[in-house]
């Protein structure tokens, strides 16, 4: 009999988020691992940001409660950060001079 794989915190957050948002193709989940803390970063479309936070933060808090299961199972703290996708922001992309500076500054 095949051994069952343990689901990851990243997969759990992606599964939940894709079912709650209007644009599931714009859901991206990454995980930043530290020595004792794992931050699960959930990136959604700007129009879905409020839906993922929920009224009074209830949706985000519910996902954080589910992440506590992974804290107990793995002994590392898991937290959730919800951000909206950069391409949806009204901020223009930086040009090369802003990124690398001018030749005079080098």
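How about the stretch 69-82: which of its residues are under 11 Å from residue 38 (Cα atoms) and in a helix (DSSP H, G or I)?
Narrowing the stretch 69-82 to residues under 11 Å from residue 38 (Cα atoms): 70-71, 74-81.
70, 71, 74 - these are the residues of the stretch 69-82 that are under 11 Å from residue 38 (Cα atoms) and in a helix (DSSP H, G or I).
I'd like the full set of residues that are without any contact (Cβ under 8 Å) to a residue 60 or more places away in the chain and either over 17 Å from residue 82 (Cβ atoms) or in contact with a strand residue (DSSP E or B) (Cβ under 8 Å, 6 or more places away or on another chain) (or both), limited to the stretch 12-24.
We begin by selecting, within the stretch 12-24, every residue without any contact (Cβ under 8 Å) to a residue 60 or more places away in the chain; these are 12, 14-24.
Answer for the stretch 12-24, where residues must be without any contact (Cβ under 8 Å) to a residue 60 or more places away in the chain and either over 17 Å from residue 82 (Cβ atoms) or in contact with a strand residue (DSSP E or B) (Cβ under 8 Å, 6 or more places away or on another chain) (or both): 14, 17, 21, 23.
Output the residues belonging to the stretch 26-40 that are in contact with a strand residue (DSSP E or B) (Cβ under 6 Å, 6 or more places away or on another chain), over 10 Å from residue 79 (Cβ atoms) and buried (at least 16 other Cβ atoms within 10 Å of the Cβ).
27, 29
Just to verify a result, which residue in the stretch 45-70, among those that are touching a strand residue (DSSP E or B) at 6+ places or on another chain (Cβ under 6 Å) and in contact (Cβ under 8 Å) with a residue 40 or more places away in the chain, is farthest from residue 84 (Cα to Cα)?
Per the criteria, the residue is 70.
Here, each number is a calculation from the coordinates, and none is a lab measurement. Remember, predicted model here, so these are calculated numbers, not experimental data. All Cβ positions, glycine included, derive from the backbone under ideal geometry; neighbour counts span all protein chains shown.
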